[in-house]
Structure formats: structure tokens, C-alpha cells
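Participant: This is the structure, below, for whatever I ask next.
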Amino acid sequence: MIREKGLGERLSVNSTSDLAAPRGVLPLEIDSLVKHFGPVIAVDGISLELRSGECLGLLGPNGAGKSTLIRAIVGRVIPDAGRVAIFGSAAGSASARAALGWVPQDLALYPRLSATENLRSFGSYYGLTGKKLEEAVAWCLDWAALQDRAGELTRNLSGGMKRRLNMAAGLIHQPRLVLMDEPTVGVDPQSRNRIFEMIEALRAQGMTIIYTTHYMEEAERLCDRIAIVDHGRIIALDTKEALVHSAFGSRSQVLARFEGPRERISEWVAERGGRLVDGTAEFTVKHPTEIAGLLDGANAAGLELVDLSLRRPNLESVFLHLTGRELRD
């Protein structure tokens with residue numbers, strides 16, 4: 001085991017090549033996955049491949065099937081059809097569990113144990129003993145910047161520290177693929193930035209990551225590709241830039257707020273090919289000169305302009321365009 005001082009050099013593996021999949025074997029392969037819960041189709045024929053060393057963002061509104069997909073990957077849900085393979089092994093098998101690390105959204109820690117005791121417990125679950133266990137615990141404390149709180153009872157740690165410990169517990173066995181499910185939920189901005197640094201350190205060492213989040217800016221910052229799930233299917237999969245270009249081309253977004261009866265505003269926005277989101281009218285234009293026509297039309301409809309802005313579409317724009325819903329809905 002190697003331990004270095006720099007945050008970006010702390011991953012305790014023999015070499016970065018240990019994180020790579022054997023030649024021709026992908027970290028994750030999902031083929032035509034289907035899962036029903038009674039009459040409800042939670043996952044409807046999803047196929048997906050994850051490349052070695054890639055960080056894939058998995059986004060979807062509530063009820064889209066994302067949680068069921070995650071549970072299928074970690075072996076907690078048995079599909080009705082299709083397959084999930086982790087480095088060529090069936091999800092839920094012993095070899096798949098050894099290769100996969102899971103950081104669940106809910107804290108999975110023992111509050112009456114110290115940080116060190118928690119890590120030793122989780123390490124022992126994965127079969128680590130003796131020197132290997134102690135070295136793994138030391139790396140986890142170092143990576144999560146919890147060395148000075150190693151003996152503190154977990155229940156006494158701050159929310160951000162608990163989140164970092166939760167992440168470390170999911171990586172104690174040094175997996176080659178890690179699934180991080182909402183790792184920054186409920187933390188303050190400073191703690192979120194620290195978690196970003198931890199994830200970027202893993203990425204620098206070649207870790208393959210599946211990342212779910214309700215914060216669009218996190219996906220834009222951390223992920224190589226984005227998969228958008230809705231109604232049990234992957235409706236878009238590509239880089240952020242490619243998704244934006246596919247949805248909007250070279251068009252820009254006009255965001256406008258009007259005063260007037262909401263029903264009248266909604267009706268007029270729909271007539272002009274836009275959409276109303278949280279009281280803001282959204283249109284796309286090819287040239288800024290088109291804005292004048294929108295404003296003339298609003299004035300003729302008796303709507304009073306309150307605010308107006310022009311911006312290039314982003315990942316959130318794509319998500320709204322494809323699903324019709326906010327990511328947090």
C-alpha cells in the first residue's frame with residue numbers, strides 16, 4: 001500500500017493500473033434491464049455501459065426509476081429481465097461486491113462507535129484483517145481529512161464529517177468502481193467543496209464512478225458523461241456539451257418575468273412556443289433580435305415585463321427540455 005501526502009495522491013492502491021478493468025471487460029454493463037413492481041414499470045429496458053476511469057452522472061426526477069436502477073447495480077433488486085454485470089460478474093455476486101463500493105444517500109454508520117471503529121467494522125465486513133485493515137483505515141481517515149477526529153464518537157461529528165466518513169466507509173475495501181448516491185445531501189457549501197476535492201482525488205487516480213445528485217452544478221463539474229433517466233428509460237446520454245447542442249443547437253434562452261393574470265401569462269407563453277417554469281417564461285431564440293418581437297407580443301397581450309435575461313442553455317435547460325420537470329421535483 002502506498003500513502004502520499006497530497007490529497008490528489010492519497011489513493012491507497014499498489015498502482016493506478018489496479019483500478020482499470022481487465023482488457024475488454026467494462027466496469028459496468030447493463031443490458032435491457034426491466035423491473036416491475038406490480039403494474040408499475042420502474043425500469044423499462046435500460047442498457048448502459050460505463051468506461052474505465054469515467055465519472056458518469058445519473059440524473060432523474062423523483063419517480064423516474066433511478067433509485068431502482070441503483071439498487072439493481074448494487075444487487076439489492078433482482079430484475080425481471082436483462083442483466084447487470086460489474087467487471088463481468090453478475091451484480092450481487094461475491095466478485096461484484098468486492099469490486100463495487102457503494103456510498104448510500106442515507107448515512108450508514110454506527111453513531112456510538114468512533115470514526116476509526118466504524119471503518120474497522122466496515123473493513124472487516126469485506127474480509128480485511130490485520131495490517132491490511134489498519135492500513136485501509138489509516139488511508140480512509142487521511143483521505144476524508146478525519147485524522148484528528150479518529151477517536152471521536154460518530155454521533156458527535158458534524159454533518160459534513162459524517163458525510164465524509166460515510167464515503168470512506170464505502171471505499172474501505174478499495175473497490176475499482178464506486179457508486180455515490182447523493183453524497184453531498186444536507187451539507188454546507190464548505191463541506192460540499194471538501195467532498196468535491198475527495199472525489200476529484202479519486203478521479204485523478206483513475207477510479208470509475210457513478211454519481212447521482214439533485215444538484216445540477218455538481219454533475220457539470222464532476223461528470224464526464226450524463227445519463228438522464230425518466231419513466232424508467234435513459235432518454236439522453238452524452239457529455240454535457242453534446243446534450244446541450246443536441247437539445248438547443250446554437251440557440252439561446254430568453255428568460256422573462258411578467259406581471260398579469262397567471263393564466264393569461266401561461267396561455268400567451270404557450271402560444272409563443274415557450275414554457276412557464278416557477279413563474280418565469282422561457283423561450284429559445286436563434287438571434288437576440290428575436291427578443292424585440294417577443295416583447296412586442298407581450299405588450300400587445302397586456303403583459304407588463306418585470307425582468308428579462310438572455311443566456312446560453314446549460315445542463316439544467318436540457319433536463320427541463322427533456323423531462324418537463326426540475327431535477328428536484
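Participant: Where does each of Cys55, Cys140 land when they are ranked from fewest to most other beta-carbon atoms within 10 angstrom? Don't skip to the answer; put the middle values down first.
Facilitator: Details: Cys55 22, Cys140 29.
So the ranking, lowest neighbour count to highest, is Cys55, Cys140.
Participant: List Lys66, Lys132, Lys286, Lys240 from most exposed to least, where exposure is judged by having the fewest other Cβ atoms within 10 Å. Working shown, then result.
Facilitator: On the way: Lys66 22, Lys132 14, Lys286 11, Lys240 19.
Arranged by neighbour count, lowest to highest, Lys66, Lys132, Lys286, Lys240 become Lys286, Lys132, Lys240, Lys66.
Participant: May I pose another question? Can you work out the FRET efficiency for the pair Ser121 and Asn62, with r the C-beta to C-beta distance and R0 = 41 Å, to the nearest 0.05?
Facilitator: Numbers: r = 32 Å, r/R0 = 0.79.
Result of the calculation: an efficiency of 0.80.
Participant: Next question, about the same structure. If each residue's Cβ is checked for other Cβ atoms within 10 Å, how do Tyr126, Tyr211 rank with the fewest at the top? Working shown, then result.
Facilitator: Working: Tyr126 15, Tyr211 23.
Sorted ascending by nearby Cβ count, the order is Tyr126, Tyr211.
Participant: For the pair Ala108 and Asn314, how long in nm is the line joining their label points, each one 7 Å along Cα→Cβ?
Facilitator: 3.2 nm
Participant: If the viscosity is 0.890 mPa s and the temperature 25 °C, what translational diffusion coefficient in µm²/s does Stokes-Einstein give for segment 14-170 when Rh comes from Kirkwood over Cα pairs?
Facilitator: Details: Rh = 17.4 Å.
Reported coefficient: 141 µm²/s.
Participant: Rounded to the nearest 0.05, what FRET efficiency is calculated for Glu134 and Thr280 with R0 set to 41 Å and r the Cβ-Cβ distance? Each step should come with its number before you reach the end.
Facilitator: Values: r = 55 Å, r/R0 = 1.34.
According to the calculation, E is roughly 0.15.
Participant: Which residues does the label zone of Asn156 cover in segment 95-125, counting backbone N under 12 Å from a point 7 Å along Cα→Cβ?
Facilitator: Within reach of a label on Asn156, which here means backbone N under 12 Å from a point 7 Å along Cα→Cβ, segment 95-125 contributes 112-115.
Participant: Specify which residue in the list Thr323, Ile226, His245 is farthest towards the positive end of the charge dipole of the chain, using unit charges on the beta carbon of Lys, Arg (+1) and Asp, Glu (-1), about the Cα centre.
Facilitator: Working it through, the farthest residue towards the positive pole turns out to be Ile226.
Participant: Next question. Among Ala136, Ala85, Ala270, which one moves the most in a GNM of the chain with springs linking Cα atoms closer than 10 Å?
Facilitator: Ala270
Participant: Have a look at Asp31, Asp80, Asp296 and tell me which one the Gaussian network model of the chain (Cα, springs below 10 Å) gives the largest fluctuation.
Facilitator: The residue that fluctuates most here is Asp296.
Participant: Need one number for the chain: average projected area of the convex hull over its C-alpha atoms, nm².
Facilitator: Working: hull surface 78.7 nm².
Orientation-averaged projected area of the Cα hull: 19.7 nm².
Participant: Among the listed pairs Lys162/Lys240; Lys66/Lys132; Lys240/Lys286, which are separated by more than 26 Å between their Cα atoms? The partial results should precede the final answer.
Facilitator: Details: Lys162/Lys240 31 Å; Lys66/Lys132 35 Å; Lys240/Lys286 20 Å.
From the list (Lys162/Lys240; Lys66/Lys132; Lys240/Lys286), the Cα-Cα distance tops 26 Å for Lys162/Lys240; Lys66/Lys132.
Participant: How many angstrom lie between the Cα centre of segment 122-150 and the Cα centre of segment 265-329?
Facilitator: 52 Å
Participant: Now a separate question. Give me the one-decimal Kirkwood hydrodynamic radius in Å for segment 252-312, with the sum taken over alpha-carbon pairs. Walk me through the numbers on the way to the answer.
Facilitator: On the way: mean 1/r = 0.0884 Å⁻¹.
One decimal place: 11.3 Å for the Kirkwood radius.
Participant: Which angle from 0 to 90°, rounded to the nearest 10, does the C-alpha axis of helix 290-300 make with the longest principal axis of the chain?
Facilitator: That works out to roughly 60 degrees.
Participant: Note down the magnitude of the dipole of the chain about its Cα centre, charges +1 on Lys and Arg C-beta and -1 on Asp and Glu C-beta and zero elsewhere, to the nearest 20 debye.
Facilitator: Using Cβ point charges on Lys, Arg, Asp and Glu, the chain gives about 980 debye.
Participant: Starting from the Cα of Ala204, move 7 Å in the Cα-to-Cβ direction to define the label point; list residues of segment 128-171 whose amide nitrogen is under 13 Å from there.
Facilitator: 143
Rule-based calculations on the coordinates, nothing more; no lab input. Please read these numbers as outputs of a predicted model, since none were measured by experiment. Note that we place each Cβ from the backbone using ideal geometry, even for glycine, and neighbour counts take in every protein chain shown.
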